[in-house]
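Below is one structure; the comments refer to it alone.
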Amino acid sequence: MVESGFFRYPYHRVFDLSKHAGPTAPAEGSPPRTWRGVLGLAVAACFGPGPAGCHDRSGCGKDTDCKGARVCVEGRCRTPSSAPSPAARAKPPPPAPLGPPGAFRRGGPGGMPTSVRGPHANPTVAWSVSLGSVVFARAALARPPGDDGEAVWAYVGTHGGRFVAVVADGPRAGRLAFDIQLGGMVWGTAAVLDGRVYVGADDDVLYVLDAKSGEIVARHRLGRCEGVRKPGPEGARCDVDGGPTVGFDGTLFVGADGLYRLRPSGEVIFHHPPPPERAPHVFSTPLVTNDGVYVGTQGRGVWALRFDGTLRWSFAVAADVDGSPALDAAGRILVGADDGSVYAITPDGRLAYRYRTDRDIRSAVAVSKDGHVYATSFDGRLHVLAPDGDLAWTLSTGGAIMSSPVLDGDDVVYFGSQDDHLYAVHPSGRVLWALDLGADVDASVVISPKGTLVVGADDGVLRGIVEGP
């Protein structure tokens, strides 16, 4: 298992997508199966009174214990057609599935488990820190290096390029742990790994910080946009906005001009698409599963990549896909787009269903434990879909929504709106509370292990919200 932030990802296949792919060939290097000798030995061994296996088909210790052409496999007599290859006999059984793997993405599970309960009533601002400019990014939570206590820090950047660590829980909650200045606006959620913080900025740089002191220990410039200072899509093409997402082996997947896979040292493992092809901007944060990497792009739909950077498939969308993908229990990729649609894409790249809202979707979708899909839209509504894609219910707010829905351990959903409110909504659609923060709430919440909601807003304030008495 590999640590990403404080969340650990299981290194095993969650969904066995190969079971629909038809029969498989023998393992490479396996010796040819010659059943003639086995048959002769088995028949000879069973003339007259013989081993118990000749009469008891269920138990055996060797091939000669079995009747006729049957062979002994894992203590049972089987026909050659049902017997696995020698390589398969030695292979241990796969581990039981544990559910979809987690991944850093805007609005997805962050550096801490989301199984805890958030505030369901009487929301109270326990602490606040003014950071001076818009906070759009979702904070990443992690315990600081060398701290054996219960301290949890929230790491987050602003549109002014300021990046801070704030104590999220406990008696020091709300205090700045460190405060530094980066060279560009921060849109994306940071990743925390092995005492380092990885965060991208709009100066085309992925920064590496010491997770305790905030000292900048490395800068990795991405893309081929040096000298480009004009506004618009070309000027923003190499901005490091998408991610990073930490993979199972500790490598980083990050969007800028296309998608990069990097070692923590900054060494590029792959860049898709490779030069000289002109890469589109990737604002979407990648989703990493045991089967590959999925990410939205600006102008080229959704990519599914292998871990070597080669393309498995692409799904065309006639709009930018800035929302970050999610995975449901059927292995479908769920993602929103600027055409106002939620797309459910099968593991082989086909459309399973499409649900349309009235405006752009630039947030990540969320999937509940029972398979319901939560999506927010610029049309000002939270849309909740049944697992088959049919509408279950909607909830209207007073403004456009860029904030991604985040579910707590009881499937209560939290999201902000440009009507200046942060919402908590029961899975039935009942509003538990709506807290007026006095500014647009475009950032997504993160929930600490003690149930504190940490969220930024367009007034530049980062807040910790708890359940009051």
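Quickly run through region 171-186 and pick out the residues that are assigned to a loop (DSSP other than H, G, I, E, B) and closer than 17 Å to Arg219 by Cα.
Once the filter is applied, which keeps residues that are assigned to a loop (DSSP other than H, G, I, E, B) and closer than 17 Å to Arg219 by Cα, region 171-186 yields Leu182, Gly183, Gly184, Met185, Val186.
Kindly indicate whether Val431 is buried (at least 20 other Cβ atoms within 10 Å of the Cβ) and hydrophobic (A, V, I, L, M, F, W, C).
In short, no.
In region 372-388, which residue that is small (Gly, Ala, Ser) and buried (at least 16 other Cβ atoms within 10 Å of the Cβ) is farthest from Asp328 (Cα to Cα)?
Step by step, filter region 372-388, then rank; the result is Gly380.
Condition (residue is among the aromatic types (Phe, Trp, Tyr), outside any strand (DSSP E or B) and farther than 16 Å from Gly243 by Cα) applied to region 288-311: is it met by at least one residue?
yes
State whether one or more residues within region 261-284 are of a type outside the set (A, V, I, L, M), crowded, with 23+ Cβ neighbours inside 10 Å and part of a loop (DSSP other than H, G, I, E, B).
yes
Where residues in region 165-191 are in contact (Cβ under 8 Å) with a residue 60 or more places away in the chain and hydrophobic (A, V, I, L, M, F, W, C), which of them is surrounded by the fewest Cβ atoms within 10 Å (Cβ to Cβ)?
Ala173
Matching residues to (1) closer than 26 Å to Thr452 by Cα; (2) in contact (Cβ under 8 Å) with a residue 24 or more places away in the chain:
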{"site": "Leu327", "(1), (2)": "yes, yes"}
{"site": "Gly331", "(1), (2)": "no, yes"}
{"site": "Ala337", "(1), (2)": "no, yes"}
{"site": "Thr346", "(1), (2)": "no, no"}
{"site": "Tyr353", "(1), (2)": "no, yes"}
{"site": "Arg359", "(1), (2)": "no, yes"}
{"site": "Ala366", "(1), (2)": "yes, yes"}
{"site": "Lys369", "(1), (2)": "yes, yes"}
{"site": "Tyr374", "(1), (2)": "yes, yes"}
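Go through Ala177, Ala139 for me and flag whichever is out of contact with any His (no Cβ under 7 Å at 6 or more places or on another chain) and closer than 21 Å to Pro244 by Cα.
The conditions single out Ala139.
Out of everything in region 213-233 that is assigned to a loop (DSSP other than H, G, I, E, B) and at pLDDT below 70, what residue ends up being surrounded by the fewest Cβ atoms within 10 Å (Cβ to Cβ)?
Gly227
In region 399-406, is there at least one residue being surrounded by fewer than 22 Cβ atoms within 10 Å (Cβ to Cβ) and over 23 Å from Val446 (Cβ atoms)?
Checked region 399-406: no residue is surrounded by fewer than 22 Cβ atoms within 10 Å (Cβ to Cβ) and over 23 Å from Val446 (Cβ atoms).
Of the residues Val208, Val199, only one is surrounded by 14 or more Cβ atoms within 10 Å (Cβ to Cβ), at pLDDT 95 or above, within 18 Å of Val282 (Cα to Cα) and touching a Phe, Trp or Tyr at 6+ places or on another chain (Cβ under 8 Å); which?
Criteria check complete, one pass: Val199.
Cβ-Cβ under 6 Å, sequence separation 6+ or interchain: first residue in region 143-155 and touching a residue at least 24 places away in the same chain (Cβ under 8 Å), partner surrounded by fewer than 16 Cβ atoms within 10 Å (Cβ to Cβ). Which pairs?
Sorted first by the residue in region 143-155, then by its partner, the pairs are Pro145/Gly195.
The values are calculated or read from the model by the stated rules, or taken from the named source; none is laboratory data. Owing to the predicted nature of the structure, the values given are computational and were not obtained by experimental measurement. Glycine also receives a Cβ, built like all others from the backbone with ideal geometry; neighbour counts cover every protein chain displayed.
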